[in-house]
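Each reported figure results from applying straightforward, stated rules to the coordinates on display, with no laboratory input. These numbers come from a predicted model, not from an experiment. Cβ placement follows ideal geometry from the backbone for every residue including glycine, while neighbour counts extend to all protein chains displayed.
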Amino acid sequence: MPNTKSAEKRTRSSARKAARNQTIESRLKTLEKKFDALVSGGKFDEAKVALSAVTSAFGKAVKAGTVKSNTADRKRSRLQLQLNRAAKAKKAA
């Protein structure tokens, strides 16, 4: 229980920020799962569109301060590599 007015305000503001961050992180996870499903299903044209959506969402998350820049860059890179490897494997087969 906060003891001062400023501590009460801090509690309220941190709760708002936590709710916003949770929403953004949930959206990122959902988009990543959809992308993974498309890549594993072999739907590469749809996966490219989904990759664009995920990349954009990571950029917005960085802008909002929910995700650190390096984390977003690493995840974007790994998703792109995943798509490239899957497409290459399909061409080789």
Is it the case that Lys33 is exposed (fewer than 15 other Cβ atoms within 10 Å of the Cβ) and closer than 18 Å to Arg85 by Cα? yes
If we ask which residues in region 49-93 are farther than 18 Å from Thr23 by Cα and surrounded by 15 or more Cβ atoms within 10 Å (Cβ to Cβ), their number turns out to be 9
Subset of region 72-88 [touching a residue at least 40 places away in the same chain (Cβ under 8 Å), over 14 Å from Ser52 (Cβ atoms) and either touching a Gly at 6+ places or on another chain (Cβ under 7 Å) or hydrophobic (A, V, I, L, M, F, W, C) (or both)]: Ala86, Ala87
